[in-house]
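To keep things clear, I will list the structure first and then write my remarks on it.
The values are calculated or read from the model by the stated rules, or taken from the named source; none is laboratory data. Values in this document were obtained by computation on a predicted structure and should not be read as measured data. As a convention, Cβ positions derive from the backbone with ideal geometry for all residues, glycine included, and neighbour counts pool all protein chains shown.
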Amino acid sequence: MILESIHGAEDIKRLSLSEQKTLAKELRRFILEKTSMHGGHLASNLGVVELTIALFHSLNLPQDKLVWDVGHQCYTHKILSGRKDDFDGLRQLGGISGFPKREESPYDCFNTGHSSTSISAALGIAQAR
């Protein structure tokens, strides 16, 4: 499994296009499996799998800042940034959040929830640079 070898953005950069397509299938399977156990935001996360792989492949993460329009689209982001092994505790007491959370990873540049904060957050991050 390709997913087992992914621990951060540098691992994505080494994948061929064919391997990225296989990874997308593995990610969808993984997200379906984990959300079927404890619930979660399924459709929004399945819809951004290829987008997230492309961003991890193209950007210099975590130095570049990735701001999600809707916080609950971040499952693939969390998995690819080294939190795959924590997914059994997704949205559980003491487990990882279903949203970006700075305390969890340097890949999460700000804490957010559902929506309407991405533009102001991205502007603030850009102005602070």
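Here is a yes/no grid of residues against (1) in a helix (DSSP H, G or I); (2) surrounded by fewer than 17 Cβ atoms within 10 Å (Cβ to Cβ):
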residue: TRP68; (1), (2): no, no
residue: HIS77; (1), (2): yes, no
residue: LEU80; (1), (2): yes, no
residue: PHE87; (1), (2): yes, no
residue: ILE96; (1), (2): no, no
residue: CYS109; (1), (2): no, no
residue: SER120; (1), (2): yes, yes
residue: ALA126; (1), (2): yes, yes
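Quick check on my filter: what residues within the stretch 1-40 are hydroxyl-bearing (Ser, Thr, Tyr) and in a helix (DSSP H, G or I)?
SER5, SER18, THR22, THR35, SER36 - these are the residues of the stretch 1-40 that are hydroxyl-bearing (Ser, Thr, Tyr) and in a helix (DSSP H, G or I).
Which pairs have Cβ atoms under 6 Å, sit 6 or more apart or on different chains, and link a residue in the stretch 108-129 that is of a type in the set (Val, Ile, Thr) to one that is part of a helix (DSSP H, G or I)?
From residues that are of a type in the set (Val, Ile, Thr), the pairs are THR112/GLY71.
Using beta carbons and a limit of 7 Å, which pairs, at least six apart or on different chains, have the first residue in the stretch 43-54 and part of a helix (DSSP H, G or I) and the second one modelled with pLDDT of 95 or more and of a type in the set (Val, Ile, Thr)?
Close Cβ pairs satisfying both conditions: ASN45/ILE31; ASN45/THR76; LEU46/ILE31; VAL49/THR76; THR52/THR76; ILE53/ILE12.
Which residues, taken from the stretch 29-82, are over 14 Å from ILE6 (Cα atoms) and charged (D, E, K, R)?
Scanning the stretch 29-82 gives ARG29, GLU33, LYS34, GLU50, ASP64, LYS65, ASP69.
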